[in-house]
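The values are calculated or read from the model by the stated rules, or taken from the named source; none is laboratory data. Everything numeric in this text was worked out from a predicted model, so none of it was measured. Counting neighbours? That spans all protein chains shown, and the Cβs are built from the backbone with ideal geometry, glycine included. The area values use the complete protein model at the heavy-atom level, side chains included, leaving out ligands, DNA and RNA. Shrake-Rupley method; radii C 1.70, N 1.55, O 1.52, S 1.80 Å.
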Amino acid sequence: MKITVNGAEHELASPPLTSLLNALRDELNVTGPKVGCQGGNCGTCTVLVDGEPRRSCLLPLAMVDGAEVTTIEGLGTPKRMHPMQAAFHFYYGSQCGFCAPGMITASVALLERNPNPTRKQIQNALGGHICRCTGYVKIIDAVEAVARGESFDGAELTRSRGGEATPKGASA
Amino acid sequence: MKAIGARLPRYEGAGHVTGQTLFVDDIRLPQGNLWAKALRSPHHSARITSFDASKAASLPGVHAIITHADVPRNVFGHLAFLGVPADEPLLAVDEVRYLGQPIAAVAADSEEAAQAAVDAIEVEYEEREPLFDMRKAFDPDAPKAHHWGNWLPYFGGELENAGPDRRRIRKGDLEWAFEKADTIVKGVYRPAAIEHAPLETQVALAVPEPSGRMVVYSCTQAMHFSAGHVAAHLGVPLNGVKLVSSAVGGGFGGKVDSSSDTIAAVLALKTERPVKWRWTREEEFLCSGTRAAWHIEVADAVTKDGWILGRKTLTLHDAGAYLRHSSYATTKHTFHCAGAYTIPNVSFLAFAVFTNRVPSTAMRGFGVTSTSFLAEMQVNRIAKVLDLDPYEVRLKNANRIGDTMPNTVVLKDPSTVPVVQAIAEHAGIELAPEYKAMTWEPRTGAVLPEWLVEQQAKGGQD
Ligand code: FES
Ligand code: FES
């Protein structure tokens, strides 16, 4: 079984019925996608498989042979965030951080399909994603901000204390 | 002061949104780890009549199966450090008191191997009638939920010289209040149990060090508390354990029970290998502590112009099968039964009741949310019965600087008045001028009838 994860190709040793989630986490040590329910109910294991958001806990490896997988780690890093990551950070869309890996990957996929979603469409796209801390308002605000074309200064976002981060290039 | 009013990036935010934050389950050790699974009670209440793990132990990949006999100190109490006697076994001995109570635990090469071993343990039970309804706990023929009886037999003090079996707060002269009242307004409130359901289930990684010290990577919300708890069950002093705090994937109170740290540590002690225990979503829902259910009865003595002269309450707190923090929650609840209002004459009574439900634990406000609910519902009810404006009833009876709470605390900066005024403003409610002008300064004759001045100034007792 071969998959490409965040640009790197891997030959997997896990048996074909292993879930993609377990293979990513336990064989490849890619721990961004989280184990929330292992039953397709919470969304925190969501990754992009050939660009489509999929619940990796429900996907046997046999079904993703040869696929291109992008996890939260593949989108960006603290200093080079993907705009969706920056927006989640700026709009406080991630309190404990456990749902963010799924929320963000699913939101990225949504804007790929539909660059100008309505609030309702965002809600629908994130419908199966559970967040127990932040609530959904700030998360949806963040997705809307990216759709609006707001961008954020990465350096300001990662600074841990003092100063105010301001959205730049907002084109409301 | 730069932070006040400023928009500051979240300290851990960059890690959260890039998948780089390490939760306990994300920690990888070079030597790897064994996986734990627990055998849990399938019954709400039962005697364990036989237990045989020999078949399970011979399955491939199994490193250890532990029972109560393997735990250096099996029975411990969450509030033992406050002198509250211990009542809860880490692993059940000869009976189970709630569905999901752990009886044995397995450490194996994989989660699947551990689960297979759990499934192969042979146990026989003799089921007993469970007790679910707190109100039935006091019936003479009610099922017995706890070896101390169906409600906590003491509050404070040692068990040997048992103190009162109830938490009681009294202040002023309740009889006077009920005689003087124009109306009695009653209410019964029954807030239900709630599961916290954090997105990250309970998880722990215990790593034995060659020195003998046990390191536990923990998702606990209460580091030192959990350290004490692990040390107690391992039977070692505090410096025999080291807890490493990781990110907490949601807790809301449900991660103060150290539910996974302790058993993972005992398995690590036995196997001399790192052991990870990650609860399934189903375990999280069925077996982790919940917010307690409550049964609260209230009677308020009120005047026709909306002064609350007195309040009498009776509360039953559902502790579930073991005490955990319930004496604390019940006490805190009882202290706060007046809500954010100054009620001069009160008698509050509460019991911590044992049932065969999962033990209840902390959750956001721990015992006090139920009092806010009862206090605010009562104000609404009083306003409705007397046909008064509920905002004005609130402001009239609001806590003021210098007022004495039923638990004898003298208030220095009670915020009831400004908060109620702000709520009215946001809700577009126009308050009468005297209520709009009200402050948190001590009451004066202007709003407070003369005959109540002395009443309001009374201290607490009991
Ligand atoms: S872990 Fe896959 S949906 Fe919850
Ligand atoms: S931030 Fe904790 S679950 Fe969403």
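Tabulated data
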| quantity | calculated |
| --- | --- |
| Spatial separation of Cα centroids for region A:3-74 and region B:332-364, in angstrom | 47 Å |
| Near-label residues of region B:371-393 by backbone N, under 18 Å of a point 7 Å along Cα→Cβ of B:I429 | B:372-393 |
| Minimum 30 Å² accessible area buried by the other protein chains, region A:61-85 residues, probe 1.4 Å, relative to alone | A:P78 |
| Solvent-accessible surface (1.4 angstrom probe) belonging to B:S245, in square angstrom, nearest 10 | 80 Å² |
| Surface accessible to a 1.4 Å probe, per residue, for the residues of region A:1-111, Å² | 36 Å² |
| Fraction of antiparallel bridges per DSSP, chain B only, in percent to nearest 5 | 75 percent |
| Protein heavy-atom accessible area occluded, B/A pair - total, 1.4 Å probe, Å² | 3200 Å² |
| Buried on assembly, region B:247-296 (at least 30 Å² less accessible surface than by itself, 1.4 Å probe) | B:F252, B:R278, B:R281 |
| Label point distance in nm, B:I4-B:H147, each placed 7 Å from Cα along Cα→Cβ | 5.4 nm |
| Whole-number accessible area per residue in Å² for chain B, which is evaluated in the context of all protein chains at 1.4 Å | 42 Å² |
| Sequence-distant residues sharing a close amide H with B:F23 (under 5 Å, placed H) | none |
| Calculated from backbone phi, Karplus (6.51, -1.76, 1.60) coupling profile of region B:355-372 in Hz, x at Gly/Pro | 9, 9, 9, 4, x, 8, 8, 5, 6, 5, x, 5, x, 9, 4, 5, 6, 4 |
| Longest segment of chain A lacking trypsin sites (Lys or Arg not before Pro) that sit in a DSSP loop with at most 12 other Cβ atoms within 10 Å | A:81-160 |
| Under the Karplus curve 6.51 cos²θ - 1.76 cosθ + 1.60, θ = phi - 60°, whole-Hz ³J(HN,Hα) for region A:126-141, x wherever Gly or Pro sits | 9, x, x, 9, 8, 10, 9, 10, 5, x, 9, 4, 5, 5, 5, 4 |
| Nonlocal amide H pairs with B:K242, under 5 Å, H built at 1.01 Å | B:M214, B:V215, B:V216 |
| Cα centroid of region B:1-75 to Cα centroid of region B:177-211, whole Å | 23 Å |
| Intensity falloff of the protein assembly as shown expressed as log10 I(q)/I(0), Debye formula with alpha-carbon point scatterers, at q = 0.12 Å⁻¹ | -1.26 |
| Amide H partners (placed H, <5 Å) of B:A104, local residues excluded | B:L39 |
| Net lengthening on full extension, A:N116/A:H10 (0.36 nm per residue, minus Cα-Cα) | 34.7 nm |
| Debye log10 I(q)/I(0) for chain A, one point scatterer per Cα, at q = 0.08 Å⁻¹ | -0.24 |
| Cβ-placed point charges (K, R +1; D, E -1), dipole of region B:105-252 about Cα centre in debye, nearest 20 | 1000 debye |
| ³J(HN,Hα), Karplus 6.51/-1.76/1.60, whole Hz, each residue of region A:98-110, x for Gly, Pro | 7, 8, 4, x, x, 4, 6, 4, 5, 5, 4, 5, 4 |
| Region B:14-104 - percent of accessible surface contributed by carbon and sulfur, probe 1.4 Å | 57 percent |
| Links that overshoot a 24 Å alpha carbon limit, given the list A:K34/A:K79; A:K138/B:K412; B:K242/B:K332; B:K312/B:K436; B:K171/B:K412; B:K304/B:K332 | A:K138/B:K412; B:K242/B:K332; B:K312/B:K436; B:K304/B:K332 |
| Total charge dipole magnitude, region B:225-302, about the Cα centre, Cβ charges on Lys, Arg, Asp, Glu only, Debye to nearest 20 | 500 debye |
| Chain B - Debye-derived log10 I(q)/I(0), Cα point model, q = 0.14 Å⁻¹ | -1.23 |
| Per-residue [θ]222 nm for the protein assembly as shown (sum of -39500 (n - 2.57) over DSSP H runs n ≥ 4, rounded to 500) | -7000 deg cm²/dmol |
| Low-density loop positions, trypsin sites (Lys or Arg not before Pro), region B:1-88 - DSSP coil, at most 10 other Cβ in 10 Å | B:K2 |
| Candidates A:G32, A:G43, A:G97, ranked by Gaussian network fluctuation over chain A, Cα under 10 Å, top entry | A:G97 |
| Farthest positive-ward along region B:1-151 dipole, Cα basis, beta-carbon charges - from B:W151, B:P130, B:L79 | B:L79 |
| For region A:2-75: rounded, prolate or oblate by the Cα gyration tensor [a/c cutoff 1.5] | rounded |
| Of B:G310, B:L323, B:A292, farthest towards positive along the dipole that unit charges on Lys, Arg, Asp, Glu beta carbons give region B:276-335 | B:L323 |
| Check: the protein assembly as shown dipole with +1 on Lys, Arg Cβ and -1 on Asp, Glu Cβ, in debye | 1180 debye |
| Reachable aspartates and glutamates from B:K2, criterion Cα separation under 14 angstrom, eight or more residues apart if same chain | A:E164 |
